[in-house]
1. If you average the C-alpha positions of region 137-203 and of region 74-131 separately, how far apart do those two centres end up, in angstrom?
2. Quick one: if the Förster radius is 22 Å, what FRET efficiency do LYS76 and LYS247 give, using the C-beta to C-beta distance and rounding to 0.05?
3. Residues with beta-carbon under 15 Å from that of ILE158, excluding ILE158: net charge, scoring Lys, Arg +1 and Asp, Glu -1?
4. List the pairs from LYS191/LYS258; LYS191/LYS255; LYS190/LYS261; LYS98/LYS274 whose alpha-carbon separation is above 25 Å, in the order I gave them.
5. Using modelled amide H (1.01 Å from N, peptide plane; none on Pro or chain starts), what sits under 5 Å from the amide H of THR45, excluding residues fewer than 5 places away?
6. Identify, among TYR27, VAL89, CYS302, the residue whose Cα sits farthest towards the positive end of the charge dipole of the chain, taking +1 on the Cβ of Lys and Arg and -1 on the Cβ of Asp and Glu, with the dipole about the Cα centre.
7. Ignoring ligands, DNA and RNA, what percent of the 1.4 Å accessible area of the chain is carbon and sulfur?
8. Please report the net charge: other residues with Cβ closer than 9 Å to the Cβ of GLU281, K and R +1, D and E -1.
Amino acid sequence: MDAIVQFVRNALCTAKNFNVLGSTFLYDPNVTARYYDFPSPMDQTTPLEILISITQIYALVTVSIAGAKMIASSIKKLHLISRLVSLQVERNDAKKDKNEVVARRIVTESLLLESDAAIRSFLVGVNVFAIGISFFWLAANSYHITSTDWIGGVAALIHALTVAEIALLVLLYYMVKDARGAMRKSNDMKKFAANLSISKGFSEVDGLTVEEFGWLSADDDDDTSPLFWTSGDASSDVAVDGKMLTKAEEAVATKLAKLAKSVDPQVVESLLVKSEVSRFEGLREYVYLVLNFFAFYGYAACILVYYFQNEEAQPSFISSVLLHLPNADADWLGNAVGDFMWTVEPIVILGSPLVVQSITKDAKKKEKIA
């Protein structure tokens with residue numbers, strides 16, 4: 001739903017930028033006045049701007065809530081991980097069995113990785129929340145409220161856009177990390193699948209990573225992961241946490257013992273399919289990166305135009321960033337590019353499941369032929 005609304009919002013903005021259907025009622029504020037008598041300057045609001053504002057208010061609510069939920073869940077998970085790590089450090093029972101030793105290492109590494117993931121989720125949540133709040137001024141701008149001093153005027157709108165741009169810059173960094181991570185994961189899965197196909201069992205558990213253990217456990221009949229903290233499950237009792245942690249280690253050790261005897265041949269096929277899916281996800285992240293970079297660049301031009309309104313006194317660097325265009329043209333082009341890039345992005349989002357489904361179907365067809 002969010003992707004659909006994003007597409008509608010930015011498609012409408014793009015239509016406005018290029019004056020699509022400019023001679024229709026969509027651009028006539030008198031049509032709006034038939035249904036509601038807005039005070040000046042809100043009486044200049046067109047039906048098209050009303051439609052845009054509805055999608056902006058939707059983004060204000062949903063994006064802000066999504067960011068707040070990420071922040072809250074991250075804090076909750078960090079508290080859980082902190083308790084579990086403390087319990088793990090306090091343990092002094094020596095493990096003699098090989099599988100038990102590896103199980104404890106995997107559990108400990110998983111806790112540390114989930115801690116890093118929770119911190120990242122918190123940072124992303126903060127930036128998502130900031131982007132969501134900025135839609136308040138964007139919606140107000142659709143009603144021409146920013147041309148008054150009611151909520152800070154144009155200056156407040158530019159400040160909101162600046163905050164959103166800084167937040168987007170952080171998200172661009174994580175897009176790079178996600179893209180590289182997905183491509184690495186794809187290559188690692190292929191190598192791991194090749195090693196598994198050589199032997200019937202997986203006896204070399206000493207070097208098994210948390211990620212590889214997850215791959216081997218992903219296709220189990222029991223969908224519940226023994227690493228319960230990855231889903232944020234928590235109790236309010238430290239004693240209960242300790243018991244759950246012990247059960248997690250035992251479950252991992254049991255799984256390792258089973259893997260030493262045999263590995264289901266379908267696991268190898270599943271890994272190869274998932275490696276292709278991961279490769280697609282990596283390429284998709286690069287597409288997101290390109291789209292959002294141009295959106296960032298375009299909206300940044302609008303901000304620069306506001307702060308450097310005197311074209312003759314503009315520093316050469318700023319003039320180069322604005323492609324040596326007049327301020328009015330740079331402002332229009334930047335806004336148009338940003339809106340268009342964010343119109344294409346939801347199309348990619350909505351089309352991705354179809355591509356993943358196609359990859360898995362092709363893999364199943366090849367498996368039947370073989």
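The values are calculated or read from the model by the stated rules, or taken from the named source; none is laboratory data. Computed from a prediction, not measured in an experiment: that's the story for all the values here. Here the Cβ is made from the backbone with ideal geometry for all residues, glycine too, and neighbour counts use every protein chain on show. Each accessible area value is taken on the protein alone, full model and side chains, heavy atoms only, with ligands, DNA and RNA left out. Shrake-Rupley method; radii C 1.70, N 1.55, O 1.52, S 1.80 Å.
1. 24 Å
2. Working: r = 21 Å, r/R0 = 0.95.
Once rounded, the FRET efficiency stands at 0.55.
3. Working: positive: none; negative: ASP149, GLU165, ASP331.
So the environment of ILE158 carries a net charge of -3.
4. Values: LYS191/LYS258 21 Å; LYS191/LYS255 21 Å; LYS190/LYS261 22 Å; LYS98/LYS274 29 Å.
Check vs 25 Å cut-off fails for LYS98/LYS274.
5. none
6. Looking along the dipole axis, the top candidate is VAL89.
7. Taking all protein chains in place, the chain shows 63 percent carbon and sulfur surface.
8. With Lys, Arg at +1 and Asp, Glu at -1, the neighbours total +1.
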